[in-house]
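The values are calculated or read from the model by the stated rules, or taken from the named source; none is laboratory data. Because the structure is predicted, anything quoted here is derived from the model rather than measured. Here the Cβ positions follow ideal geometry from the backbone for every residue, glycine too, while neighbour counts run over all protein chains shown. Surface areas here come from the heavy atoms of the whole protein model, side chains and all, with no ligands, DNA or RNA. Shrake-Rupley method; radii C 1.70, N 1.55, O 1.52, S 1.80 Å.
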Amino acid sequence: MTLPIQKLDLSAIEQSQIARIAGTNLTLGGLVSAGVIVLVAFAAHWLVTRSLRRVRERADRSRQAIYLLERLAGYGIIVVGAMSALSAAGLNLSSLAVFAGALGIGVGLGLQGVVKEFVSGLFLIFDRMVSVGDYIEIEDIGIRGAIMEIGPRATRVRTNDNVNVLVPNSRFIEQPVTNWTLKGDTRRIHVPFSVAYGTDRGKVRDAVLAAARASPFTLPETEARKSQVWLVAFGDKGLSFELLVWPTREAVKRPAAMHAAYTWLIADALDAAGVEVPVPQTDLHVRTAFGLEGDEALQRLGYGVGGPPRPSGPQRSAQTANDAADDVMADDEVETPEPPTARQAD
């Protein structure tokens, strides 16, 4: 005697009700379809953003436009995938309007900070006054570096010491931010230095300008952008000068190394020209000491006749390698894309 074999009714399992939300029955088949759509949306998001990121890293121009397309495509895929998943699950979006409104009020009160940062990130992407690749400085918190990524919550800034700092997006909108490379431009810098009194000012100017113009990280001069040497003050130790120069955009992204490199070049130029750099000096006039006067008092204090010996000229050394200049001329590091993860959203 054989028992009848009952066929598995897949359609009945697919239509089996699991829950009821907002007057809509959620079925097993609908939830499975929604899950598949979500997985496909995340996979498409990862593939599209990864491909556009590679194109942006290899492109010489239009990097900002590609980054904008990358962000918009990523957000668009996630939004369309979420809406499609809800529809596949059997939820009527119009019937959820009241429920979504009440839920939105609660989420807005609890996550208003997250929403604020997300909206601020969208403003940064579209406004483009602060873009990926720009070198920025936030003076009040002491952060200076290149913008590597504008995320939904925070902007990632990488300093020249390879330290990644996450700055809330709203910080760039509500507070002052210095953009040193806005629209791909450069800036003029001031490098102070001093020489001893009595030095030929024309010799100082010619020597320093020649060194600055010969530097590989100085832009060619134009009518609007010229290298200059200014006499700015009569200091306590000597004449105070400033070198005004227009560096390359790559050098601007390394301000500390750039300043050190120009200072080194100035020191070499002054040494080669035989210009004396002032050093702190103190003149000691002794009237009486230990009942003695004049040179006898100085001898009792341990000084020779006429006071301690003074340097007769500048002490120079042979020119050595300028490490700061090597750092300024170094190429920007290209970040290696992180390994893909199932939950990667950027």
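Structure above, values below:
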item	result
Extended-chain gain in nm, criterion 0.36 nm per residue less alpha-carbon gap, ASP236 and SER51	60.5 nm
Gyration tensor verdict on the stretch 165-267 (Cα atoms; rounded if a/c is under 1.5, prolate if a/b is larger than b/c, oblate otherwise)	prolate
Spatially proximal lysines relative to LYS116 (Cα-Cα < 28 Å; intrachain offsets below 8 disregarded)	LYS183
Peptides ranked, highest mean first, by Cβ atoms within 10 Å: ranges 158-166, 205-213, 120-128	205-213, 120-128, 158-166
Protein accessible area in the stretch 207-246, 1.4 Å probe - carbon and sulfur %	56 percent
Peptide ranges 217-230, 74-87 listed from the most packed, as the mean C-beta count within 10 angstrom indicates	74-87, 217-230
5 angstrom amide H check on VAL130, placed H, neighbours 5+ away	none
